1. Can you tell which of B:Leu217, B:Leu239 is out of contact with any Pro (no Cβ under 8 Å at 6 or more places or on another chain), more than 11 Å from every other protein chain (Cβ to nearest Cβ), surrounded by 15 or more Cβ atoms within 10 Å (Cβ to Cβ) and within 17 Å of B:Ser31 (Cα to Cα)?
2. Kindly provide the set of residues from segment A:108-131 that are open to solvent by less than 30 Å² (accessible area, probe 1.4 Å) and part of a loop (DSSP other than H, G, I, E, B), ordered by number.
3. Does B:Ser178 satisfy being within 14 Å of another protein chain (Cβ to nearest Cβ) and under 14 Å from the mean Cα position of the chain (by Cα)?
4. Among B:Leu28, B:Leu67, which is the only one that is outside any helix (DSSP H, G or I), open to solvent by less than 30 Å² (accessible area, probe 1.4 Å), farther than 18 Å from B:Val228 by Cβ and touching a Cys at 6+ places or on another chain (Cβ under 7 Å)?
5. If a residue must be open to solvent by 10 Å² or more (accessible area, probe 1.4 Å), within 13 Å of chain A (Cβ to nearest Cβ) and over 15 Å from B:Asp26 (Cβ atoms), how many such residues does segment B:136-164 contain?
6. Scan (1) open to solvent by less than 50 Å² (accessible area, probe 1.4 Å); (2) within 18 Å of B:Lys97 (Cβ to Cβ) for the single condition B:Ser59 breaks and write down its number.
7. Restricting to segment A:76-107, name every residue that is open to solvent by 20 Å² or more (accessible area, probe 1.4 Å), farther than 11 Å from A:Ile45 by Cβ and not in a helix (DSSP H, G or I).
8. Name the single residue that is most open to solvent (accessible area, probe 1.4 Å) among those in segment A:165-213 being of a type outside the set (A, V, I, L, M, F, W, C) and within 18 Å of B:Tyr188 (Cα to Cα).
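The values are calculated or read from the model by the stated rules, or taken from the named source; none is laboratory data. This one's a predicted model, so the numbers in the text were calculated from it and none came from an experiment. Virtual Cβ from ideal backbone geometry, glycine too; neighbours counted across all protein chains shown. Accessible surface areas use protein heavy atoms only, side chains included; no ligands, DNA or RNA. Shrake-Rupley method; radii C 1.70, N 1.55, O 1.52, S 1.80 Å.
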Number of protein chains: 2
Amino acid sequence: MRIDLFLAPGLADEQLLREKTVVVIDVLRASTTIVTALYNGAREIIPTTTIDSAARIASNLSSEVKLLGGERNGKVIDGFHLGNSPREYTPERVKGKTIVFTTTNGSQAVVKARYATATLICGLVNITAVQEQIQRVGGDLTILCAGREGGFSLEDTVCAGMLIQRVMEGRNEDAELSDGAVAARVIYRALGKVPLKLLRSTEHGKYLQEIGLGEDLPVCAAVDRTPVVPVLEENVLRLPREAAKAASVGG
Amino acid sequence: MRIDLFLAPGLADEQLLREKTVVVIDVLRASTTIVTALYNGAREIIPTTTIDSAARIASNLSSEVKLLGGERNGKVIDGFHLGNSPREYTPERVKGKTIVFTTTNGSQAVVKARYATATLICGLVNITAVQEQIQRVGGDLTILCAGREGGFSLEDTVCAGMLIQRVMEGRNEDAELSDGAVAARVIYRALGKVPLKLLRSTEHGKYLQEIGLGEDLPVCAAVDRTPVVPVLEENVLRLPREAAKAASVGG
């Protein structure tokens with residue numbers, strides 16, 4: 001087994017992601033919000049890179065079924081129903097809905113992986129579920145960190161390192177790691193023991209606290225809080241049928 | 001003091017490097033080769049991004065004073081005098097020469113920093129000299145890792161982490177670190193104790209061994225072997241006058 005890791009979308013050529021199993025990580029906050037929304041019963045999430053394309057896609061959907069969600073500079077976009085806080089995506093709001101979703105980092109990373117064989121969304125909130133799915137599927141793994149504003153993000157790298165550590169403990173102790181994967185594992189071991197403390201200390205975590213969104217951090221730090229795995233199929237994020245059933249019983 | 005770090009040139013907007021003190025790191029091998037060549041008496045090094053521009057610049061120089069150096073895929077370029085192995089840049093070959101130099105990663109990173117206030121070249125071979133110069137100059141610091149093929153490189157990050165660790169021990173224990181700088185320091189502490197062992201284990205180090213250039217690794221791993229600091233001035237790399245004098249006495 002080989003594990004590759006791209007520390008930011010700008011470092012990953014989308015042709016290099018073709019026919020790979022790709023895990024996209026954006027702990028603050030798109031991964032957490034996508035996982036939470038689908039866990040809480042949203043029908044599907046359509047990720048887009050621009051506000052314009054989000055509006056265009058939404059204009060083709062009936063108003064009863066659709067919600068527009070996302071952020072720019074961490075804040076709700078004018079005219080959108082929801083921002084990028086997982087706390088907004090409650091069962092009452094999202095059940096049965098199609099959510100058109102555009103964020104600065106996470107949506108861009110998901111779209112970059114559109115030619116992958118399988119694209120899974122991972123945050124701390126569903127890391128064990130993702131690990132189990134990877135081990136069921138087998139084969140090589142490519143991790144794509146969404147990062148921040150095109151650059152590196154410590155929290156995404158720590159989450160990636162935690163996933164690598166767990167996959168290797170699972171049954172791949174001799175996995176071949178790329179330089180980036182080695183680095184992520186080392187960083188996780190040094191900084192990942194208390195996720196909430198980490199999130200409060202990173203550049204993005206500090207920024208969210210400054211703009212009054214510090215309450216999102218405990219949600220994003222809650223390991224295995226919402227154990228479902230969103231999968232990208234034909235540019236739409238959904239839960240696989242089994243997970244959808246379990247979640248609708250649970251929700 | 002603030003320390004920023006870009007893990008690859010693709011993550012650094014050259015406008016963000018404007019008016020900064022920038023340290024460019026390419027341990028394997030451009031930093032090491034540039035430092036070695038100037039330490040051994042080369043007059044100056046002109047970094048360029050393409051083979052064509054190297055040839056154009058060289059065509060304006062008299063053949064007695066010029067050398068063409070660099071690599072593609074780690075190997076000597078057709079028609080060039082020298083590759084990118086520091087072992088080739090001996091005093092006999094380089095003394096008094098102007099070297100036009102193009103490499104896959106390092107030259108690109110140097111050119112990216114052309115609008116910086118000061119651009120210093122750092123490898124393991126001159127890390128203490130760079131640290132001392134940073135502390136003399138004072139102010140904030142931006143580190144640009146050359147990486148590999150546009151992506152992340154473990155050895156450059158470890159070297160960056162070692163530099164950060166030393167600068168902070170020097171007299172800046174409360175320096176403010178970007179996410180990337182925090183990561184580099186952690187990676188250095190975990191993996192940087194035995195530089196040669198590290199270089200033999202990284203993707204780029206393994207590749208160099210595969211193509212028969214493994215003997216470059218001990219040279220690139222030799223901490224403080226050639227204690228001079230190349231500085232970029234008007235797109236040309238030279239040693240500051242003091243260092244040039246000391247080196248010519250030593251060489």
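1. The match here is B:Leu217.
2. Residues satisfying the conditions are A:Ala113, A:Ala116, A:Gly123.
3. Judged against the criteria, B:Ser178 is not a match.
4. B:Leu28
5. 0
6. Failing condition for B:Ser59: (1).
7. Answer for segment A:76-107, where residues must be open to solvent by 20 Å² or more (accessible area, probe 1.4 Å), farther than 11 Å from A:Ile45 by Cβ and not in a helix (DSSP H, G or I): A:Val76, A:Asp78, A:Gly79, A:Phe80, A:His81, A:Thr90, A:Lys95, A:Gly96, A:Thr104.
8. A:Arg189
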